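Engineer: Pasting a structure below so you can have a look.
Derivation of every value follows stated rules applied to the coordinates shown; laboratory data play no part. Remember, it's a predicted structure, so these values are computed and weren't measured experimentally. All Cβ positions, even for glycine, are placed from backbone atoms using ideal geometry, and neighbour counts span all protein chains on display.
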């Protein structure tokens, strides 16, 4: 509970189910993507991605969707210590679709939902005392219970001299003013809503809303009259969000016309999905405002963030990071289709990775053809390979009780082992290549993206490619095309890519070989998140390879050293050669650990218990070699 927070957001928190089919009625959507949502939750994520320290006060259900929200926020860097798990209510749901550029139907499933049970007793004064600013939202003024919680937050903020921000966030359906089918409606006049907002306005330092929201806050149908009505009650700066036109700020007296306020033009972009753009605008604006930037700069931050989000699918997951925002701010003002900007899309993907992996100790038992040979040689059914892999997974869990555990496991024979380790905090990769194929082919054929969509998001796509930079041009082109297909599929589905490069036996190795492969792959516009490479045979070769990675990709996760059935002495030599290089994050070693115990197990010389013990011991020994590298 220690440490200052730039911003504490209060209110709605939901799971958004976004239709993946574009251009159809919500009735015709056949699949959905799952994201966190809700105005204050989106802003907490958006501000955290832009470098602010944000926290969230809300309630979620004591069930899987509530845990999904909290785990996602934790991964985004949002402080979740003030979130309550409600055992009696479910987490809110919103179903959304993209019909066309003007229609975005959505249905709110919020009857007696968890966040609407937020009460005054849920607000901890010590938590509010940590905040430089608090943000409350209109939806949490719609019932006496949540209005009381919001009022307490504001009162405590005033006591601790924190700034108070109101995002009007007006959704008529959430005030009971429309039917469920009109979830997309943005304006229905309501005296009750206006009066509730009026009660809060005198204590606000900043009020932000769209034209419809300013009208409901002011209580009139005229925009200028509504701005004046707000000003009569509050000295707060008022920010009017104007969509594609940008925004206008009214820090003092309200002028006779909107264009006499502080106008900051928007970024002309092709609109794909405006839902969540207002929350992104607020996130960008607060990045500037809370750090003392002037109105124009804060508005530009907000407009740029909104422009990025309208070009993407989803709300919170579409929010930009600071590097993305800088990239948009540097662009010209000409109209652009940001959804097709490969540089920005890649920047978004690599700067929103949720978990850091400073080190990975991976046991690789994704082997298929090699274990088939062992089983066949021992006259054992190939189904026994699945049992073997389950035992190896058990050994791996025993070997690393506290450390950066990792594994490479296939789904042909290793699916039970793979699923047993999923969701337990392991770094996990699974192969996509057809073993031994050259040119490269995939287990799933050309339906690669469809196959990856069935994978958990945490699984890394691992691909072994037998690549010689001096191969005939036709073969190299075939390999590159397949790798490009894989890279695009990973980008589309959100999976990280581990590219394992092994020169074929016919390759004439020298100190330049691996570096040339890396350089060629980058030159083809392919950016693996991870590299898995053989141990270098010299310091010079290693330095050349590392330089190629560093020059090719500022955002590479790192390099893992593979084993190639190396002996302990060979592993130690390879580990020693890479010592001191921070880009080398660990190892992915397999047969050096399990091959001999597997041979003995298939032949019947050892039972399950002895195999597990041997693999556990060997794995621990490799970890000790890694930890002692260079010594």
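Engineer: Please report 254, 57, 385 as a ranked list, fewest other C-beta atoms within 10 angstrom at the top and most at the bottom.
Structural biologist: Working: 254 19, 57 32, 385 23.
So the ranking, lowest neighbour count to highest, is 254, 385, 57.
Engineer: Give the separation of the Cα centroids, the stretch 539-563 to the stretch 196-260, in Å.
Structural biologist: Between the Cα centres of the stretch 539-563 and the stretch 196-260 lies a distance of 54 Å.
Engineer: Under 15 Å from a point placed 7 Å out from the Cα of residue 178 along the Cα-to-Cβ direction: which residues of the stretch 1-35 have their backbone N that close?
Structural biologist: Of the residues in the stretch 1-35, 26 have backbone N under 15 Å from the label point off residue 178.
Engineer: Turning to a different aspect of this structure: Normalised by the number of residues in the stretch 7-351, what is the relative contact order in percent for Cα pairs under 8 Å and 6+ residues apart?
Structural biologist: On the way: 807 pairs, mean separation 51.1, N = 345.
Here the relative contact order equals 15 percent.
Engineer: Which percent, nearest 5, of DSSP beta bridges in the chain are antiparallel? Don't skip to the end; give the middle numbers.
Structural biologist: Details: 18 of 82 bridges.
In the chain, approximately 20 percent of DSSP beta bridges are antiparallel ones.
Engineer: Applying a 10 Å radius around every beta-carbon, put 244-252, 315-323 in order of their mean neighbour count, most first. Kindly include the intermediate steps, with their values, before the conclusion.
Structural biologist: Details: 244-252: 18.9, 315-323: 23.6.
Descending mean neighbour count gives 315-323, 244-252.
Engineer: So for 263, 201, fewest C-beta neighbours within 10 Å to most, what's the order? Let's see the in-between values first.
Structural biologist: Numbers: 263 16, 201 20.
Listed from fewest to most nearby Cβ atoms, that is 263, 201.
Engineer: How far, in degrees from 0 to 90, does helix 277-289 lean away from the longest principal axis of the Cα atoms of the chain, to the nearest 10?
Structural biologist: Its long axis makes an angle of about 90 degrees.
Engineer: Work out the FRET efficiency for residue 331 and residue 481 from their Cβ-Cβ distance, taking R0 = 30 Å, and round it to the nearest 0.05. Intermediate values should be presented prior to the final figure.
Structural biologist: Values: r = 31 Å, r/R0 = 1.03.
That pair, residue 331 with residue 481, gives E of 0.45.
Engineer: I've got another one for you. For the stretch 360-627, just the Cα atoms, rotate onto the principal axes and tell me the three extents in Å, largest first.
Structural biologist: 50, 41, 36
Engineer: Oh, and also: Order 295-305, 545-555, 19-29 from most to least packed using the mean count of other Cβ atoms within 10 Å.
Structural biologist: Per-residue mean Cβ counts within 10 Å order the peptides as 295-305, 545-555, 19-29.
Engineer: Going from the alpha-carbon gyration tensor of the stretch 210-273, what semi-axes, largest first and in whole Å, does one get by taking the root of 5 times each eigenvalue?
Structural biologist: 22, 13, 9
Engineer: Oh, and also: Once you have the Cα-Cα distance between residue 199 and residue 382, take 0.36 nm times their residue separation minus that, and quote the gain in nm to one decimal. Kindly include the intermediate steps, with their values, before the conclusion.
Structural biologist: Working: separation 183, 0.36 × 183 = 65.88 nm, distance 7.21 nm.
Extra length from residue 199 to residue 382 when fully extended: 58.7 nm.
Engineer: If you don't mind, there's one more thing I want to ask. Using a 10 Å cut-off around each Cβ, can you sort 116, 485, 282 from fewest to most neighbouring Cβ atoms?
Structural biologist: On the way: 116 22, 485 16, 282 30.
Fewest-to-most ranking of 116, 485, 282: 485, 116, 282.
Engineer: With the radius of gyration and the Kirkwood radius both derived from the Cα set of the stretch 535-631, what is their ratio Rg to Rh? Display every interim value, and only then the final one.
Structural biologist: Values: Rg = 15.8 Å, Rh = 14.7 Å.
That ratio is 1.08, to two decimals.
Engineer: Here's something else I'd like to know. Contact order normalised by length for the chain, with contacts defined as Cα pairs under 8 Å and 6 or more residues apart; what percent is it? Don't skip to the answer; put the middle values down first.
Structural biologist: Numbers: 1300 pairs, mean separation 54.4, N = 631.
Over the chain, the number comes to 9 percent.
Engineer: Over the stretch 350-491, what is the mean sequence separation of C-alpha contacts under 8 Å (at least six apart), divided by residue count, expressed as relative contact order in percent?
Structural biologist: 21
Engineer: Normalised by the empirical 2.2 N^0.38 Å for globular proteins, what value does the Cα Rg of the stretch 7-351 take? Kindly include the intermediate steps, with their values, before the conclusion.
Structural biologist: Numbers: Rg = 18.5 Å, N = 345, 2.2 N^0.38 = 20.3 Å.
Dividing the Cα Rg of the stretch 7-351 by 2.2 N^0.38 Å gives 0.91.
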